[in-house]
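What follows is calculated from the coordinates using simple rules that are stated; it is not laboratory data. These numbers come from a predicted model, not from an experiment. Positions of Cβ are backbone-derived with ideal geometry, glycine not excepted, and every protein chain shown enters the neighbour counts.
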Amino acid sequence: MNAPQPARTAEPVGDVPVAELVRLRDLIYKVAGIFHPDNKLSLLQERCRGRIKTVHVKSLSEYVEFLTTHPSRQAELNALLSDITIGETCFFRNRPQLEAIARVVLPKLIEAKSSQPTRSLRIWSAGCSTGEEPYTLSMLTLDESKGRLKDWVVEIHATDINQRSLAFAQKAVYGSHSTRNLTAFHRQKYFTQVGEEFQVQPMVRNQVLFRHVNLTDDARMALLKRMDLILCCNVLIYFDVASKRRVLRHFYNNLSPHGYLFLGHSESLHGVSDDYRLVHLPGATAYMRGDSLHGKVS
C-alpha cells in the first residue's frame, strides 16, 4: 500500500525536520493504515517523545531507525500504536444506537436465523478500546437470554490494535467515569463493586473474546467470518480513503447476508464504498450488504 505524499507546504515542526516526521507518518500508515495529515504532525511528535526516552535514543531520526531495524522493533511499534490510539469511551455510550440494536436489529437477526439447526449470534466490536462496548453488547444479549435468545450461543469478538487497552479490558474493572451511563438495573445485575470501582461479572465476560487485530492486516481480518453484527465506531475517522475501503471490504466479506454494520453517529460511507446500502432505524442508521436484498453470499 502506497502512503499518501506529504503536502508541499509542510513546514518543520519545532526543531524537528518535517522529513523525519513524514518518514514516521508513512511507517505508521504502512503498518496500521492510520494517517496523520500535516496539521496533525505536531501531535504525532508529541506522542513519540515518551517512546524516544523509553528506548534510549537521542532523536526522532534514531527512533525511526529503531522502528525499522532493531530486533525489538515489532514490540516498540505495538507500544507506539498503543500511545497514538488512545480512545475515550464508556458503557452504553451511544444509547440511541444501542436501543435500535436491541429493539430492531436483534429481533430481525433472531428471526432470520431461528430456523437454523444451531442457534448462534456472532457480533464483532472492531476497535473495542478498553472493552466497554463489547461488554455493553454482552449485557444487551443477556437481557434477552431468558426470552428471544433463550438457548442461543452468543459470541462477541472484540478486537483492537492497542494492546494496553486490550489488557485493561480483560481485567474488566472500571471506575465511575466509564460506568456513568449505567442504569441501576444493569449496574446491580452485571457488576460487582470492588471498593470505588466495578468489576464486570463472569456472565458478561464469558461471552466476549478479546484479540489483538490490526484492521489492515488482511490475513487476520479474513478469519473473522459470518458476523451478524459489526460495530466499528469512531475508528475509520483515523484512516484515509484507501485504508477505509480496504477495511470496509473485509467487513463486507465477513458480514452475513442478513447482517448489520454500525459506524459512529457522525460517520458515513458516502463517497467511500458502494458495497453497502443505508438502513434507517429509530434514532440511528446502519448499513447492510448491497446484495442482501437478494440473499446473495460472497
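Things to note:
- Fewest-first ranking of Met203, Met221, using other Cβ atoms within 10 Å as the exposure measure: Met203, Met221
- Paramagnetic reach from Lys189 in the stretch 99-133 [backbone N under 15 Å; point 7 Å along Cα→Cβ]: 99, 102-103
- Remark: the Gln170-Ala75 segment gains 32.2 nm on full extension, using 0.36 nm per residue and subtracting the alpha carbon distance.
- Each helix, a run of at least 4 DSSP H residues, gives -39500 (n - 2.57); summed and divided by the residues of the chain, these come to -11000 deg cm²/dmol at 222 nm.
- For the chain, built as a Gaussian network whose Cα springs stay under 10 Å, the top-fluctuating residue of Pro282, Pro71, Pro117: Pro117
- In a fully extended conformation the segment linking Arg95 and Lys108 would gain 2.8 nm over its present Cα-Cα distance, using 0.36 nm per residue.
- Computed over the chain: relative contact order in percent, which uses C-alpha pairs under 8 Å that are six or more apart: 17 percent
- The chain: proportion of alpha-carbon pairs further apart than 23 angstrom, %: 59 percent
- 3J(HN,Hα) along the stretch 211-226, derived from phi through the Karplus expression 6.51 cos²θ - 1.76 cosθ + 1.60 where θ = phi - 60°, amounts to 9, 7, 9, 8, 5, 9, 8, 4, 5, 5, 5, 5, 7, 8, 8, 6 Hz, with x in place of Gly and Pro.
- Most mobile listed residue (His36, His56, His157) in the chain, GNM with C-alpha springs under 10 Å: His56
- Derived scalar couplings ³J(HN,Hα) [the stretch 182-199; Karplus, 6.51 cos²θ - 1.76 cosθ + 1.60; whole Hz; x for Gly, Pro]: 5, 6, 4, 4, 5, 5, 6, 7, 10, 10, 10, 6, 10, x, 9, 10, 10, 9
- Listed residues Thr68, Thr89, Thr159, most fluctuating in the chain (Gaussian network, C-alpha, under 10 Å): Thr68
- Whole-Å semi-axes of the stretch 18-84's equivalent ellipsoid (Cα gyration tensor): 17, 13, 11
- Which of Glu133, Glu88, Glu144 has the fewest Cβ neighbours within 10 Å, and the rest in rising order: Glu88, Glu144, Glu133
- Mean separation of Cα contacts under 8 Å, 6 or more apart, over the residue count of the stretch 18-84: relative contact order %: 29 percent
- Inter-site label distance for Arg119 and Leu27 at 7 Å from Cα along Cβ, in nm: 5.3 nm
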